[in-house]
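Data block below; observations after.
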Amino acid sequence: MALQSNTHTQAGKRRAQAAAFWIFRLLSFLVVAILVVILGFIVVRGISVISWDFLTQMPREGMTEGGIFPAIVGTFCLVLGSMLFAFPIGILSGIYINEYAKDSWFKRFVKLMTNNLAGIPSIVFGLFGMALFVNYFKFGDSILAGSLTLGLLALPVVIRVTEEALKSIDDSFRIGSLALGATKWQTTSRVVLPMAFPNIITGLILSIGRVSGETAPILFTVAAYFLPKLPNSIFDQVMALPYHLYVISTSGTNIEASRAMAYGTAFVLIMIILIVNLLANWLRRYFSKKVKMN
């Protein structure tokens with residue numbers, strides 16, 4: 001009787017496990033299906049608009065004709081400026097928190113504030129950027145103000161990515177380096193950082209993908225409604241793909257006439273983010289191989 005009861009128990013566990021696996025598979029397929037539907041909808045509606053003229057010309061006729069070249073250039077300017085601000089500060093902060101800061105209330109407080117900062121809605125960053133960079137520092141609506149605001153948005157992500165990448169390196173490498181006479185900085189810069197670099201660079205590039213698609217922070221600090229020209233300095237306003245998409249979809253001069261341009265803009269933005277993600281995966285594999293070879 002005991003053997004038969006145990007057999008039934010094992011069979012019940014196997015059935016429960018199989019059911020759980022099928023539920024997980026179903027949920028995974030559902031997520032993928034939703035993603036495919038969204039991407040397919042944008043691709044089908046937007047790919048017919050894509051042409052060399054669409055990518056290289058200025059918008060005209062109230063953004064119902066022409067191209068999106070200023071918005072593409074503006075997006076790249078903002079991403080570059082924000083990363084020049086966020087990457088050095090974020091990486092150095094992550095190194096300090098994980099490698100140098102002692103386990104104390106101050107370290108726990110900094111980590112808590114970093115996590116809270118990562119959860120703040122992007123529109124709050126936009127309002128803060130407008131108050132600080134646009135009004136207080138008198139940068140005005142400019143690339144500089146927008147880049148600094150987006151940099152603040154990406155900063156907690158960069159800090160956490162760096163910290164987690166460094167934390168994943170086994171302490172035996174640090175101990176071995178210090179035992180050979182290396183200093184703390186030599187151990188960090190020549191042993192720990194190169195091993196953590198694949199994970200760091202992946203996180204950094206993925207943060208670029210997030211920044212490139214943000215609308216709220218640039219709404220208050222840099223984005224222009226209609227500006228068919230390229231910027232001459234960091235104190236100029238620019239068009240940007242996320243805001244351009246929002247404008248021509250909701251409040252353009254002729255929404256129906258600009259509908260095709262909206263889908264084309266969405267398609268270009270998705271392709272940029274997709275390329276960034278593929279680049280992140282490639283760089284991760286490339287640097288991982290280099291670390292293994294060394």
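The values are calculated or read from the model by the stated rules, or taken from the named source; none is laboratory data. Note that the structure is a prediction, hence the values are computed from the model and not measured. Note that each Cβ is placed from the backbone with ideal geometry, even for glycine, and that neighbours are counted across all protein chains shown. To get the accessible areas, we keep the full protein, side chains included, count just its heavy atoms, and leave off ligands, DNA and RNA. Shrake-Rupley method; radii C 1.70, N 1.55, O 1.52, S 1.80 Å.
Could you work out the relative contact order of the chain? I mean the mean sequence separation of Cα pairs under 8 Å and 6+ apart, divided by the number of residues, in percent.
Working: 370 pairs, mean separation 77.6, N = 294.
About 26 percent, as a whole number.
Measuring from centroid to centroid over Cα atoms, what is the spacing of the range 21-91 and the range 185-234 in Å? Result: 16 Å between the Cα centres.
Annotation: amide H-H contacts under 5 Å for Glu65 (H modelled 1.01 Å from N, sequence separation of 5 or more, or interchain): Arg60. Considered as an equivalent ellipsoid built on the Cα gyration tensor, the range 171-259 has semi-axes of 48, 15, 8 Å, the largest given first. Accessible area per residue (1.4 Å probe, heavy atoms of protein chains only) ranks Lys111, Lys138 as Lys138, Lys111, with the largest value leading. Evaluated with a Cβ-only charge set (Lys, Arg +1; Asp, Glu -1), the range 142-221 carries a dipole of roughly 140 debye about its Cα centre, given to the nearest 20.
Per-residue counts of other Cβ atoms within 10 Å, averaged by peptide: what ranking do you get for 124-131, 18-25, 255-262, highest first? Kindly include the intermediate steps, with their values, before the conclusion.
Values: 124-131: 19.0, 18-25: 10.0, 255-262: 17.1.
The densest-packed peptide leads the list: 124-131, 255-262, 18-25.
Report the convex hull volume per residue for the chain, counting only C-alpha atoms, in Å³.
Details: hull volume 65.9 nm³, N = 294.
Given the Cα convex hull of the chain, per-residue volume reads 224 Å³.
For Arg259 and Thr56, what is the calculated FRET efficiency with R₀ set at 22 Å and r taken between the beta-carbons, to the nearest 0.05?
Working: r = 21 Å, r/R0 = 0.97.
After rounding to 0.05, the efficiency reads 0.55.
Compactness of the range 71-241 is given as radius of gyration and Dmax, 18.4, 62 Å, from Cα positions.
Here the accessible area is traced with a 1.4 Å probe on the protein chains. For the range 1-122, carbon and sulfur cover 72 percent of it. A simple charge model with +1 on the Cβ of Lys and Arg, -1 on the Cβ of Asp and Glu and nothing else charged puts the dipole of the range 128-176 at about 160 debye relative to its Cα centre.
The simple spin-label model puts a point 7 Å past each Cα toward its Cβ; for Leu26 and Arg285 those points are separated by 3.4 nm. Residue-normalised convex hull volume from the C-alpha trace of the range 117-196: 110 Å³ per residue.
Using a probe of 1.4 angstrom and keeping all protein chains present, the accessible surface of the range 14-141 works out to 65 square angstrom per residue.
Quote to one decimal, in nm, the extra length available between Ser189 and Tyr225 on full extension: 0.36 nm per residue of separation minus the C-alpha distance between them.
8.4 nm
If a helix is a whole DSSP H run, which ones in the chain reach 27 Å or further along their own axis (Cα) and hold a mean Kyte-Doolittle hydropathy of at least -0.5? Kindly include the intermediate steps, with their values, before the conclusion.
Numbers: long enough: 2-46 (66 Å, 1.01); 69-95 (38 Å, 1.99); 143-167 (35 Å, 1.34); 193-212 (28 Å, 1.29); 259-293 (51 Å, 0.87).
Qualifying helices, which must be both long enough and hydrophobic enough, are 2-46, 69-95, 143-167, 193-212, 259-293.
Do any of Lys102/Lys167; Lys111/Lys167; Lys111/Lys289; Lys111/Lys184; Lys107/Lys184; Lys107/Lys138 go past 24 Å between their Cα atoms, and which?
Numbers: Lys102/Lys167 14 Å; Lys111/Lys167 14 Å; Lys111/Lys289 31 Å; Lys111/Lys184 22 Å; Lys107/Lys184 19 Å; Lys107/Lys138 34 Å.
Pairs exceeding 24 Å: Lys111/Lys289; Lys107/Lys138.
Projecting the Cα atoms of Gly181, Cys77, Leu127 onto the charge dipole of the range 71-241, computed from C-beta unit charges around the Cα centre, puts Gly181 farthest toward the positive end.
Would you calculate a helix-derived [θ] at 222 nm for the chain, using -39,500 (n - 2.57) for each DSSP H run of n ≥ 4 and dividing by the full residue count, to the nearest 500?
Details: 12 runs with 206 residues, N = 294.
When only DSSP H runs of four or more count, the value is -23500 deg cm²/dmol.
Evaluated with a Cβ-only charge set (Lys, Arg +1; Asp, Glu -1), the chain carries a dipole of roughly 1280 debye about its Cα centre, given to the nearest 20.
Taking the charge dipole of the range 71-241 about its Cα centre, with +1 at Lys and Arg Cβ atoms and -1 at Asp and Glu Cβ atoms, the residue from Ala101, Ile234, Gly151 reaching farthest to the positive side is Ala101. Note on the chain: with a GNM built from Cα contacts shorter than 10 Å, the maximum mean-square fluctuation among Thr221, Thr265, Thr202 falls on Thr202. For Val238, nonlocal amide neighbours, meaning residues 5 or more places apart or on other chains whose placed amide H falls under 5 Å from its own, are Ala224.
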